Amino acid sequence: ENRVAGKPLDKFIKVEHKTRMLSLNDAFSYEELYDWEKRIKKLLGFRENVNYFCEIKFDGLAVSLIYENGKFARGATRGDGFVGEDITQNLKMIESIPLSLIRRGVGGEVNLEIPSYLEIRGEALLSKRMLAKLNLFNEKECKPLFANTRNAAAGSLRQLDPELAKERHLDF
């Protein structure tokens with residue numbers, strides 16, 4: 001499949017999430033982490049030790065990608081967690097989002113089992129380098145500057161014209 005942008009949209013269509021999209025919390029100290037652990041253990045009724053996996057939180061726009069039979073079918077913003085906006089055409093412009101999950105082996109056989117319905121949630125991101133380029137352009141054009149990479153990523157994906165999203169070289 002190709003990544004040719006469709007015609008600009010008149011508006012975004014609202015879509016209901018199958019499962020609520022929650023927002024991630026962040027912590028800035030060990031004390032905040034310990035307090036969080038106490039709340040979780042109390043909520044879940046745990047008394048024993050629990051293992052964790054932690055990673056740096058990316059500051060982008062939370063999106064949901066829906067694949068049907070291995071093909072990218074729809075992408076949406078988190079919105080209020082229950083209902084987001086369909087930004088599929090803009091997300092198709094992000095090179096790191098595969099349009100198809102089907103992989104073929106040397107003999108042409110499918111070598112990866114893909115469920116008929118798969119939802120992937122993650123962050124659409126803009127690099128600091130791209131933010132600097134966008135703000136330099138906006139400054140020359142006497143347009144408002146983006147405050148940070150998150151605002152620029154969100155603004156890029158909430159454009160009605162997919163070509164604008166493509167020009168901003170977002171990542172996922």
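Does residue 114 satisfy being open to solvent by 30 Å² or more (accessible area, probe 1.4 Å), aliphatic (A, V, I, L, M) and assigned to a loop (DSSP other than H, G, I, E, B)?
For residue 114, the condition - open to solvent by 30 Å² or more (accessible area, probe 1.4 Å), aliphatic (A, V, I, L, M) and assigned to a loop (DSSP other than H, G, I, E, B) - is met.
Of the conditions (1) farther than 21 Å from residue 158 by Cβ; (2) open to solvent by 60 Å² or more (accessible area, probe 1.4 Å); (3) assigned to a helix (DSSP H, G or I), residue 89 satisfies every one except a single condition; which number is it?
(1)
Can you find even one residue in the stretch 16-35 that is modelled with pLDDT of 90 or more and open to solvent by less than 30 Å² (accessible area, probe 1.4 Å)?
Checked against the condition, which is being modelled with pLDDT of 90 or more and open to solvent by less than 30 Å² (accessible area, probe 1.4 Å), the stretch 16-35 yields at least one hit.
Residue 57: touching a Leu at 6+ places or on another chain (Cβ under 7 Å), over 21 Å from residue 159 (Cβ atoms) and open to solvent by 60 Å² or more (accessible area, probe 1.4 Å), yes or no?
yes
Consider residue 77 against the criteria (1) loosely packed, with under 12 Cβ neighbours inside 10 Å; (2) among the polar types (S, T, N, Q); (3) closer than 27 Å to residue 172 by Cα: it satisfies all of them except one. Which criterion is unmet?
The failed condition is (1).
Restricted to the stretch 60-74, and to residues that are open to solvent by less than 40 Å² (accessible area, probe 1.4 Å), small (Gly, Ala, Ser) and not in a loop (DSSP other than H, G, I, E, B), which residue is farthest from residue 18 (Cα to Cα)?
62
Being assigned to a helix (DSSP H, G or I), closer than 20 Å to residue 22 by Cα and touching a residue at least 40 places away in the same chain (Cβ under 8 Å) is the filter here, so list the residues in the stretch 122-158 that pass it.
Answer for the stretch 122-158, where residues must be assigned to a helix (DSSP H, G or I), closer than 20 Å to residue 22 by Cα and touching a residue at least 40 places away in the same chain (Cβ under 8 Å): 150, 153, 154, 157.
Residue check, residue 46 against (1) open to solvent by 90 Å² or more (accessible area, probe 1.4 Å); (2) assigned to a loop (DSSP other than H, G, I, E, B), all met but one. Which one?
Just one mismatch for residue 46, condition (1).
The values are calculated or read from the model by the stated rules, or taken from the named source; none is laboratory data. None of these values were measured; they are calculated from a predicted model. Counting neighbours? That spans all protein chains shown, and the Cβs are built from the backbone with ideal geometry, glycine included. Each accessible area value is taken on the protein alone, full model and side chains, heavy atoms only, with ligands, DNA and RNA left out. Shrake-Rupley method; radii C 1.70, N 1.55, O 1.52, S 1.80 Å.
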